[in-house]
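Before any comments, here is the structure.
The values are calculated or read from the model by the stated rules, or taken from the named source; none is laboratory data. Note that this is a predicted model, so its numbers are computed, not measured. In this analysis, Cβ positions are derived from the backbone assuming ideal geometry, glycine residues included, and neighbour counts consider all displayed protein chains. SASA here: full protein model, heavy atoms, side chains in, ligands and nucleic acids out. Shrake-Rupley method; radii C 1.70, N 1.55, O 1.52, S 1.80 Å.
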Amino acid sequence: MDLSTTNFIGDLVREYSPYSWVASIVNGVIAIVAIMAVGVGPSPMLIWWERKVAAFTQARLGPMRVGPWGLLQTVCDVIKLLFKELITPRGADKLLFFLAPALPLTGSFLVLAVIPWDHNLQVANPGMGVPFIIAVSSLGILGTLLAGWSSNNKFSLLGALRCGAQMISYEVSLSLIMLFVVLMSGSADVREIVLSQQGNVTDWWIIKAPFLGIAAFVMYMISATAELNRGPFDMSEAEQELTAGFHTEYSSTAFAMFFLAEYINMVATSALASVFFLGGFLPFAFPDFGFAPIVGVVASINGALAILPGFFWMAGKILFLITLFMFFRWTYPRPRVDQLMSLEWKFLLPANLILLGLGAVFIAFGLILP
């Protein structure tokens with residue numbers, strides 16, 4: 001596993017550090033701070049953005065009073081949460097009660113650590129990055145189950161059981177979709193998957209694997225919505241049935257950690273979708289289709305777009321995908337629990353198994369677009 005910070009900052013630290021172990025510690029701290037910044041930094045803005053998306057879909061304005069266009073509303077909410085009293089329910093298992101909110105955050109940060117944000121911006125590059133992602137993402141399920149069980153509240157326990165069943169079920173489909181991309185690209189290395197899409201937009205896996213890529217992307221977005229516990233698949237927090245579900249008893253900073261984990265999970269899930277289907281940090285490039293009159297113009301446009309750094313393109317794709325998740329939440333009605341589970345076991349799982357088989361056929365007969 002490559003744990004070095006392979007960019008100008010890491011090289012600068014290694015060059016001027018008297019000892020290699022000092023450079024390793026300093027680069028490790030830099031990497032941790034960078035991942036925290038990528039995960040936590042955008043979250044307040046994403047909360048504000050979701051309120052605006054919800055307002056747009058419901059033909060209203062959303063937050064407008066605190067700061068210009070309501071930009072400071074989330075800041076005020078964060079300050080309010082930090083100064084609220086942290087209440088521990090009677091009969092709760094205190095150790096597990098306060099450990100539970102940290103586990104979803106830990107899983108999200110571990111996923112973000114292996115995401116390539118640019119050619120030379122990646123904290124860790126394990127050769128088997130996809131299996132690593134599948135493994136560490138399960139920490140979120142454990143945190144939810146512990147939160148519901150340790151709260152000593154029947155509504156929390158029911159929400160946790162729903163959430164655990166839902167997340168474990170849809171994790172199977174998510175894993176199969178990731179393995180489909182590994183099959184198509186020929187590598188389980190996350191960075192190599194991005195580099196396998198070099199060229200223009202027709203080289204992204206959503207298009208490069210005809211029909212299969214689009215089907216895989218659609219099923220990924222459905223499965224990811226269920227894995228994130230977001231509407232319309234927020235069965236573990238169904239307010240009409242379970243008050244607030246597994247985090248009913250949480251307040252102050254502990255509740256804020258669950259709330260923060262939801263948005264960091266969205267960033268991580270959208271980053272993975274970008275890596276697997278939309279070229280990751282690679283720039284948007286138009287195809288010329290070999291049409292001579294437009295070859296020069298297209299080349300000039302693509303050259304101008306390529307000037308922008310990869311981190312910019314990665315951020316843009318992530319924001320686009322997060323906005324899709326937000327529109328899903330505020331557009332579609334919530335299904336019943338049995339309908340949600342039937343969707344996974346009776347439709348998505350068989351469809352993903354068929355998708356893997358068809359992917360193998362496409363590879364064997366060379367049907368992937370050049």
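Heavy-atom accessible area, probed at 1.4 angstrom with all protein chains present, ranks 80, 317 as 80, 317, highest first. Once the other residues with Cβ under 15 Å from the Cβ of residue 84 are scored (Lys, Arg +1; Asp, Glu -1), what is the net sum? Residues close to residue 84 contribute a combined charge of -2.
Against the compact-protein benchmark of 2.2 N^0.38 Å, the Cα-based radius of gyration of the range 110-154 scales to 1.62. Taking every protein chain into account, the 1.4 Å probe leaves residue 319 with about 80 Å² of accessible area, to the nearest ten. Normalised by the number of residues in the range 241-314, the mean separation of alpha-carbon contacts (under 8 Å, six or more apart) gives a relative contact order of 30 percent. Here the chain is treated as an ellipsoid with the same Cα gyration tensor; its semi-axes, largest first and in whole Å, are 35, 26, 22. Over the range 44-88, the alpha carbon radius of gyration divided by the compact-protein estimate 2.2 N^0.38 Å works out to 1.32.
Sorting 19, 263 by solvent-accessible area of protein heavy atoms yields 19, 263, largest first, with a 1.4 Å probe.
Pairs of Cα atoms nearer than 8 Å and 6+ residues apart set the relative contact order; for the chain it is 21 percent. Size estimate for the range 77-129 follows the Kirkwood approach: the inverse of mean 1/r over distinct Cα pairs works out to 14.4 Å.
Gyration tensor analysis over the Cα atoms of the range 233-370 returns equivalent ellipsoid semi-axes of 39, 24, 13 Å (largest first, whole Å).
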